[in-house]
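Structure first, then comments.
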Amino acid sequence: MAGEAVRLLRGFGRRFVFAVRLAVLPPIAVVALVSASAEGFAATALMVALAVGWTFVYGWWLSRGGQLSAVVDVVVLLVLCLSVFWTDAAATSNSDWIRVLVTVACVTWQWHTGPWVGFAAAVVSSAGMIVIFGLAGLTMNGVPGWTIAMALGSRAAWVLVTRAGERADRTAAEAEQARREAAVAEAERAEERELANSLHDTAATTLLMVGIGQVPSGADWLAPQARRDLDRLRTYDGTATEEVDLVDLLRADLDTEHLTVDLTAPPRLPLRFDVASAIAGAAREALNNVRRHAGTDRATVRLDGDPRGLWVEIADAGRGFTGATATGRGLRESVHGRMNRIGGSAAVTSAEGAGTVVRLEWSS
């Protein structure tokens, strides 16, 4: 199947055939009419009119696909060659315009026909011209041989151009395949990152808090939290609905007894699923950090904006942090990474003893 470059070349070839044929008509028509004898002028003018009319029909035919157009073109050119018998061209040697038409046709056939069709048309028209002009007593002066040579040269040039187009199509196809493979690989990596972030933000966090003794294993909120973590992992499949309410997603993470969160938000804020889930996930990880590190059981979440742009602030009055703690995986991947992937940003402001504020910003 031809690629885009080859299809464009074929279309160009058909258009250029008509342009070349049309370009040679005015000068050869003038030569034919000026060189005609008085007795043969009317017949010569009729043949010139046939050549002009057929050129426009031929161009229209090529624009429609051009099936069998070269065959009919050969017939019309042979009819023009036969006209030397009734236009007094044999006596006046007024046949050069016909030779030019045949030569141009032999050259341009190579741009829109198959190799065998183009070569056969060139041979038949040239041989027919030789026979007809020979019977009429016209000398050829080696023109037919040059016509075949020019047709072969035209075919060779067209083959080179077509092969270059095929190489361009192969290069484009390989680039598109590489782009698709890279997109699939990136999607898989994004899926893996999000799954790893979800695991980090849910079950891994809960187990870590128990393992390092931040919470006793028998805490009242632990079992419900573990169930929520497992439910979230079990239902995660990477698919996306068209639009969700960010406020609902934020509220879903506030139903825990071990952290009191004051949420200030509009009644609804519908967003694309990928944007809303990334913002909610980043806010969830910020709240997880409050539970793990802040040394306080209270936090505030403020949301303001609209579907074109918004900001979310997660703040606590806990112990705060500085230095390397701000570059941990939770902040790097689950907060900054999520926001960066949707074209947003995250900023963390904290100091020892002064609490922490995480600000998430996004705009379409």
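Brief remarks on what is shown
- Close pairs (6 angstrom Cβ cut-off, 6 or more residues apart or separate chains): under 17 Å from Met339 (Cα atoms) in the stretch 300-324, of a type in the set (Lys, Arg) and open to solvent by 20 Å² or more (accessible area, probe 1.4 Å) anywhere: Glu313/Arg302; Glu313/Arg359
- The lone exception for Val123 - which of (1) within 47 Å of the chain's Cα centre (by Cα); (2) not in a helix (DSSP H, G or I) it fails: (2)
- Of all residues in the stretch 229-260 being of a type in the set (Asp, Glu) and in a loop (DSSP other than H, G, I, E, B), the one that is modelled with the highest pLDDT: Glu242
- Being in a helix (DSSP H, G or I), without any contact (Cβ under 8 Å) to a residue 24 or more places away in the chain and either out of contact with any strand residue (DSSP E or B) (no Cβ under 7 Å at 6 or more places or on another chain) or among the aromatic types (Phe, Trp, Tyr) (or both) is a property that Ala151 lacks.
- Selected residue (criterion: nearest to Ala346 (Cα to Cα)) from residues of the stretch 261-301 that are in a strand (DSSP E or B) and over 41 Å from the mean Cα position of the chain (by Cα): Val301
- Flag if Arg319 is open to solvent by 70 Å² or more (accessible area, probe 1.4 Å) and charged (D, E, K, R): yes
- Exclusive hit being open to solvent by 80 Å² or more (accessible area, probe 1.4 Å) and at pLDDT 65 or above, set Leu199, Leu160, Leu207: Leu160
- Cβ-Cβ contacts under 8 Å between residues 6 or more apart (or on different chains), taken from a first residue in the stretch 258-270 that is farther than 20 Å from Asn289 by Cα and in contact (Cβ under 8 Å) with a residue 60 or more places away in the chain to a second residue that is among the basic types (Lys, Arg) and part of a strand (DSSP E or B), are absent.
- Options Val52, Val71: the member that is under 15 Å from Ala121 (Cβ atoms) and out of contact with any Phe, Trp or Tyr (no Cβ under 9 Å at 6 or more places or on another chain): Val71
- Among the residues of the stretch 67-89, none qualifies, meaning not one is closer than 21 Å to Gln110 by Cβ and of a type in the set (Phe, Trp, Tyr).
- Any helices (runs of 4 or more DSSP H) falling wholly within the stretch 25-106 and containing at least 3 residues that are touching a Lys or Arg at 6+ places or on another chain (Cβ under 8 Å) and either open to solvent by 60 Å² or more (accessible area, probe 1.4 Å) or farther than 14 Å from Phe133 by Cβ (or both): 41-63
- Among the residues of the stretch 1-18, the ones that are exposed (fewer than 13 other Cβ atoms within 10 Å of the Cβ) and either part of a helix (DSSP H, G or I) or in contact (Cβ under 8 Å) with a residue 12 or more places away in the chain (or both) come to 1 in all.
- Within the stretch 35-56, the set of residues being at pLDDT 90 or above and not small (Gly, Ala, Ser) comprises Phe41, Thr44, Leu46, Met47, Val48, Leu50, Val52, Trp54, Thr55, Phe56.
- Any hit, the stretch 323-340, residues being out of contact with any Lys or Arg (no Cβ under 9 Å at 6 or more places or on another chain), assigned to a strand (DSSP E or B) and either modelled with pLDDT of 90 or more or under 15 Å from Arg284 (Cβ atoms) (or both): no
- Scanning the stretch 107-116 for residues that are open to solvent by 10 Å² or more (accessible area, probe 1.4 Å) and in a helix (DSSP H, G or I) gives Val107, Trp111, Pro115, Trp116.
The values are calculated or read from the model by the stated rules, or taken from the named source; none is laboratory data. Just so you know, these numbers come straight off a predicted model, no measurement behind them. So basically every Cβ, Gly included, is an ideal-geometry build from the backbone, and we count neighbours across all protein chains shown. The accessibility values were calculated without ligands, DNA or RNA, using every heavy atom of the protein model including side chains. Shrake-Rupley method; radii C 1.70, N 1.55, O 1.52, S 1.80 Å.
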